[in-house]
Structure formats: C-alpha cells, structure tokens
1. How about the stretch 134-155: which of its residues are under 13 Å from the mean Cα position of the chain (by Cα) and closer than 11 Å to Val115 by Cβ?
2. Can you find, within the stretch 295-340, the residue that is surrounded by the most Cβ atoms within 10 Å (Cβ to Cβ) among those that are farther than 20 Å from Ile370 by Cα, of a type outside the set (Asp, Glu) and in contact with a Leu (Cβ under 8 Å, 6 or more places away or on another chain)?
3. Would the stretch 160-180 turn up any residue that is part of a loop (DSSP other than H, G, I, E, B), closer than 19 Å to Thr120 by Cβ and of a type in the set (D, E, K, R)?
4. List, please: which pairs have Cβ atoms under 6 Å, are six or more places apart or on different chains, and start with a residue in the stretch 72-86 that is closer than 13 Å to Ile357 by Cα and at pLDDT 95 or above and end with one that is surrounded by 15 or more Cβ atoms within 10 Å (Cβ to Cβ) and of a type in the set (A, V, I, L, M)?
5. So, in the stretch 223-238, of the ones that are at pLDDT 95 or above and of a type outside the set (A, V, I, L, M), which residue ends up farthest from Glu164 (Cα to Cα)?
6. Would you confirm whether or not the stretch 241-254 contains a residue that is of a type in the set (Val, Ile, Thr) and either surrounded by fewer than 23 Cβ atoms within 10 Å (Cβ to Cβ) or within 18 Å of Val115 (Cβ to Cβ) (or both)?
7. Could you check the stretch 324-399 for strands (runs of 3 or more DSSP E) lying wholly inside it with 2 or more residues that are touching a helix residue (DSSP H, G or I) at 6+ places or on another chain (Cβ under 6 Å)?
8. Just a yes or no: is a residue in the stretch 182-195 modelled with pLDDT under 95, surrounded by 20 or more Cβ atoms within 10 Å (Cβ to Cβ), of a type outside the set (Asp, Glu) and farther than 12 Å from Ala150 by Cβ?
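The values are calculated or read from the model by the stated rules, or taken from the named source; none is laboratory data. Everything numeric here is computed off the predicted structure, so don't read it as measured data. Here the Cβ is made from the backbone with ideal geometry for all residues, glycine too, and neighbour counts use every protein chain on show.
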Amino acid sequence: MGSSKSKLQISNSNVLKEARQGGSSQIMAAPISLFMVGDVMLGRGIDMILEHCNNPILYESNGLDARDYVSLAETQTGPLPDRSERPVDYVWGDAIQTLKEKKPDLRIINLETSVTTSDTPWPMKGIHYRMHPQNINVIQSADVDCCILANNHVADWGFPGLLETLDTLENAGIKFAGAGRSSSEAKSPAVFHMATADTRVLVFAAGHSSSGVPDSWRARRDNEGVNILEFYEASRAVNKLKEQIENYKRDGDIIVLSVHWGGNWGWNIDSSFVKFAHKAIDEAGVHVIHGHSSHHVKGIEVHNGRLVIYGCGDFLNDYEGITGHEGYRSDLALMYFADINPETGVLAGLRMVPTQIKHMRVNKAEEEGIQWLVKTMSKECKKFGCDVKRVNDEIHLVF
C-alpha cells in the first residue's frame with residue numbers, strides 16, 4: 001500500500017481505514033454511524049393522512065377531532081397531494097434520500113405515539129396520540145432499526161394501547177427500548193450487532209417526569225409501563241442506570257442512552273440534567289446521550305469525548321397552523337449523523353442535516369431555515385464549549 005506515511009481514509013463505514021498513529025501505521029475499525037432524530041409523532045393528524053386511520057375522535061379540551069389538524073396544516077401551507085399520490089413513505093419526504101446517501105449503520109427515532117386501535121384514552125390527560133397498527137409499514141419504509149418508547153405519549157390510549165404498540169413493533173421486526181410488559185423489559189436495551197465492527201450497540205431508554213411522563217406509567221415487576229428515571233439526585237439515578245447497563249453490557253459494547261427529559265419550550269437546560277449526563281458518561285459507561293422532548297432543537301455537548309444531545313426537537317408532527325412559540329421554530333429540525341469510534345465510544349464527528357416540516361412531511365430546510373439553525377445551534381452549543389460550522393447544506397459540530 002505504499003510507504004508507512006500514507007493515510008488512506010474511506011468514508012464508507014463498511015470498510016477499514018489505515019491511519020498513522022504513534023509513529024506507525026495500523027488498521028483501525030471505521031466509525032459506527034448512528035442516525036438519530038427527536039420526536040416522530042405519527043399519531044393524531046398524521047394518522048389521518050395515512051392509508052389506514054383510526055376513529056378521528058379526540059378527547060381534547062379544544063374540541064377538535066384529528067382531521068382538524070389536517071385542515072389546519074392545509075390552511076397554513078396549502079392542500080396535500082391526493083391520497084393516490086402519497087406513497088407509504090410520504091411523511092418521511094426528503095429524509096429518505098438523505099438516508100440512502102448517508103447509509104448509517106443504525107437508525108434510531110423517538111416514536112412519540114401509541115400504535116393502537118384502542119378507543120379508551122388515558123384519563124385526565126389532555127392530549128392523546130395514536131397511529132393505526134396497519135400503518136406500521138410507514139415506519140418500516142424508513143428502515144428504522146430502533147423506536148424509543150420512553151416518552152409521554154406511548155400510553156396515551158391506556159395500557160392496552162401500549163401492549164398493542166409493543167406487539168405491533170415486534171411483529172414488524174422493529175426493536176424498541178424504554179417500555180415493556182414488565183420493568184425488566186422496559187429497562188432492557190435494544191441490542192444491535194454491528195457488521196462493520198466486532199462490537200455491539202446497546203440502546204437503553206428512559207423517561208423523566210419533567211417531560212410529562214406520568215408516574216402511573218412506571219413499569220412494575222409484573223406490570224407493563226415505561227422505564228422512568230428521576231435524576232434530581234444524580235448519584236442515585238446513575239447508580240440505578242449503571243445497574244441496568246451492567247446487567248447486559250459486555251466488554252467492547254457501545255452504550256447509547258436515549259432520554260425523554262425537559263419541557264416543550266425553552267433554551268435553558270436544567271443543571272441536574274447536565275450533572276446526570278456527565279455522571280452517566282463518567283460512572284455508568286454511557287457513550288452517547290440522545291436527548292429529546294423539547295419541540296425545538298437544543299445545544300450539544302461533548303463531555304470527555306462522548307456526545308450529549310440535549311434536545312433533538314420534533315422531526316415530524318401535526319403542528320402546522322397552530323400558533324404560539326413561533327420564535328422557537330418547531331417546524332425546523334436536524335437529522336443527526338454521529339460517527340462513533342467502536343473501540344472507545346469517542347465521538348469522531350457529528351454531521352447534521354437541516355429539515356423542515358411542511359405539508360405534513362419532512363422536507364429539506366430552505367435557506368432561511370438553514371441560516372436560523374446555524375445561528376441558533378452556534379449560540380446554544382457555545383454554552384457547552386462547542387460550536388458549529390456550515391458545510392454546504394449541512395451543519396457540522398466543532399469540538
């Protein structure tokens with residue numbers, strides 16, 4: 001291959017790359033490419049535009065039914081294409097081509113809806129999301145590997161709705177984390193064997209009360225529910241997390257923790273979240289923290305070489321035409337592509353692709369939206385000693 005001073009780097013994560021380190025050339029495994037996004041809300045209004053849809057009845061204080069969210073979107077951005085012109089992957093829009101180009105090793109989304117035909121909503125809860133189980137092919141059409149279920153909408157239609165969600169995902173061959181038929185299952189990770197490296201990726205997930213996950217949803221030893229972690233006492237919470245991880249971890253595993261935390265709006269990140277994130281990395285062995293809940297993007301930190309995304313924002317929702325909080329730009333989001341060293345779990349690079357929700361689908365962000373995201377992410381990431389730079393129509397993390 002020529003002299004030992006040569007450096008061969010091939011971006012395709014399915015090969016090895018040779019790099020000069022420590023004065024000698026050695027073969028290093030290519031990084032593992034993780035694709036992550038925030039809230040994917042396929043229920044309610046989105047469900048109404050899919051091939052199969054539930055009864056549109058809702059139990060919201062505003063009196064709307066699910067079809068009214070479609071009308072709001074069409075009033076805002078114009079009529080949707082006819083149903084005959086909407087393929088199964090319609091809602092993913094431009095994201096499908098981006099995924100084909102990037103070829104990530106693992107695709108992780110926060111699935112923020114129940115997947116059920118249950119007609120019994122959770123009592124005293126103001127908003128209820130559900131997607132018809134026969135629309136599971138929508139998730140399959142994006143080749144999603146892992147659905148995070150530790151959020152505040154997965155049991156909107158009761159525990160029967162949660163159980164149907166679990167069954168539907170299992171039958172479709174889609175792994176999940178953060179909820180289960182027992183506390184043991186809810187705490188267990190989704191396990192992925194990487195073909196590109198001799199390692200596994202374990203995806204754990206947990207919800208936090210600050211995101212609106214009711215404590216009554218907490219999974220018990222013999223009852224279904226959500227894996228809930230409280231970390232106002234960071235040391236105690238990390239000890240619990242460490243115990244969960246050590247029950248499954250082998251030497252060489254890459255650990256991803258997906259956590260639903262914080263309120264819907266606001267740039268401030270609670271100091272207890274930061275403390276927990278640091279301890280989870282330093283003491284529990286977490287390599288990547290995939291945070292979500294806020295309806296808008298938040299800052300990113302690299303702590304001791306490990307990636308912490310504090311808020312991914314809403315990747316897909318039915319909020320078009322709903323007014324309020326416009327300054328947070330909940331229509332804009334990012335597709336996060338993280339390259340992780342499989343030997344150390346250290347972040348090698350993070351590329352983000354700007355997107356915009358329009359016509360109830362994911363679109364490439366327009367120039368104005370890209371500029372807003374660059375400016376906003378720069379401001380928010382600087383709080384954690386990082387920055388971003390624009391590279392063509394992508395945003396890259398500088399750390």
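1. Answer for the stretch 134-155, where residues must be under 13 Å from the mean Cα position of the chain (by Cα) and closer than 11 Å to Val115 by Cβ: Cys147, Leu149.
2. Leu307
3. For the stretch 160-180, residues part of a loop (DSSP other than H, G, I, E, B), closer than 19 Å to Thr120 by Cβ and of a type in the set (D, E, K, R): absent.
4. From the stretch 72-86, the pairs are Ala73/Met360.
5. Per the criteria, the residue is Asn227.
6. Within the stretch 241-254, one or more residues are of a type in the set (Val, Ile, Thr) and either surrounded by fewer than 23 Cβ atoms within 10 Å (Cβ to Cβ) or within 18 Å of Val115 (Cβ to Cβ) (or both).
7. Where strands (runs of 3 or more DSSP E) fall fully within the stretch 324-399 and carry at least 2 residues being touching a helix residue (DSSP H, G or I) at 6+ places or on another chain (Cβ under 6 Å), they are 332-340, 347-358, 361-364, 387-391.
8. No, the conditions are met nowhere in the stretch 182-195.
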